[in-house]
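The values are calculated or read from the model by the stated rules, or taken from the named source; none is laboratory data. The structure displayed is predicted, hence computed values, not measured ones. So basically every Cβ, Gly included, is an ideal-geometry build from the backbone, and we count neighbours across all protein chains shown. Just the protein is used for accessible areas: all its heavy atoms, side chains included, with ligands, DNA and RNA removed. Shrake-Rupley method; radii C 1.70, N 1.55, O 1.52, S 1.80 Å.
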Amino acid sequence: MSVVHQLSSGWLLDHLSFVNNINYQLHQHHEPCCSKNERTSSAHLDPLQKDSLMSLGASATFSAFDSTTKPDNDARGNCKIVIQRYVFRSELFNVTKPYITPTVHKECRQRNEKEDPMDGVKEENCISIGKKRKRCVVFNQGELDAMEYHTKIRGLILDGSSELIQEGLKSGFLHPLSEKWDKCSEPITLPLDTCNLSELCAMAKHLPSLNEMELQVLQLMDEDMSVTEQDLFSRVVENNSSITKMITLMGQNYLVPPKSSFLLSDISCMHPLLNCRKTYDVIVIDPPWQNKSVKRSNRYSYLSPLQIKQIPIPKLAAPNCLVITWVTNRQKHLRFVKEELYPSWSVEIVAEWHWVKITNSGEFVFPLDSPHKKPYEGLILGRVQEKTAVPLRNEDVKVLPIPDHKLIVSVPCTLHSHKPPLAEVLKDYVKPDGEYLELFARNLQPGWTSWGNEVLKFQHMDYFVALQSRS
């Protein structure tokens, strides 16, 4: 369960627990006649894939086994199936201290500027050649809008998250930061992004095009997981089994959880998803919004509002589909979703929620009143409106109305844009057998279809560790 506590204000989530409860288990065939260090996967790997597998190092090899073996009664004879379990790297959720401490934030504000939101003017103190001078800078309209919005929701964020944090401290899920822990904390070394998926998607456009009639869903079968790069870039891939599968792409290995499916492509190549002629009851969207930091860092490509409006939500949405869009704190984006994007998709807004990011000890990752970075992000929830009343797929299923102003409080992953899971917090508001779709996804989930040009990013083997065998 990812929900640690649920109160009237919202939910306290354990993101790491959700990932590890997926139960990443690989079934590998082991022949007793082979040496101890020789293992073969249940996939039929070609020589190039075998070389790439061995080149990934200890974190991706099968040297440690979760001592569960069982005979394989097929034509392999005396082969045994060894079950290897993987878990997500827990250090990627070690957020022990705020990114900017409130003390430093307060000192900087007192030293550098005095703000008057009512007048829309801030007074800065600048030191030049031993002499202090003052200058007035007028806030732009975007800054004024952001300040007004923050004033409206500040009490909601502070009071609601405080209640959930107190529950987390009482239960021991959150814990006060000890001096010993503070001194011993070390910088986290993140895995290298050795396979740039978005660039591969761009290159894939130049591959020979396949007949659209042949672009059927690619099933990852129990005994054959050999797939080509062209298959991955042009077809929806499904793992309908109850075990995890591993696929190799450009020499890199990725884990595909059970009961999950994905399409690896950019926005210009969504037709395989549409060709499935499948509609979804929940669609979660995390658009690559344009902002200054993205422009400076060139960390990922962003989409214009016009491009985002062209996403074919009407073709993907089932009747009464719940559409959820992650929005940054930039008011321009918030207005765009509410006033342009949702109306263009015939989506009626029903609620606005917020994700509040905290440390392992329950502090905001950024000061709540920081003028630059806020410790929260928004989610806009809406329902697809039909021109004529269309009954739900199962009329006997009753779903609760979606409440407004809920909070999702969690310790964020240190990986950029690894959003918390929404499956458990949404379960009361969608029917149990609903179809789920995530757009611009960077990871996979059981029971979900995921699409994006980095959809396998956080499934890379380097983000997981193999459990040591039990004696």
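A few points about this structure:
- Scanning the stretch 319-348 for residues that are within 23 Å of the chain's Cα centre (by Cα) and assigned to a loop (DSSP other than H, G, I, E, B) returns Thr328, Asn329, Arg330.
- Within the option set Ser171, Ser161, being at pLDDT 80 or above, within 25 Å of the chain's Cα centre (by Cα), open to solvent by less than 70 Å² (accessible area, probe 1.4 Å) and polar (S, T, N, Q) holds for one residue only, Ser161.
- Among residues of the stretch 90-101 that are open to solvent by 60 Å² or more (accessible area, probe 1.4 Å), those with a beta-carbon under 8 Å from a residue that is acidic (Asp, Glu) at least six positions away or on a different chain give the pairs Lys97/Asp182; Lys97/Glu363.
- Complete set of residues in the stretch 255-311 that are open to solvent by less than 10 Å² (accessible area, probe 1.4 Å) and modelled with pLDDT under 85: Val294
- Selection within the stretch 459-471: residues that are assigned to a loop (DSSP other than H, G, I, E, B) and not hydroxyl-bearing (Ser, Thr, Tyr). The member of this set that is nearest to Arg235 (Cα to Cα) is Leu467.
- Selected residue (criterion: least open to solvent (accessible area, probe 1.4 Å)) from residues of the stretch 3-30 that are hydroxyl-bearing (Ser, Thr, Tyr) and farther than 19 Å from Ser162 by Cα: Tyr24
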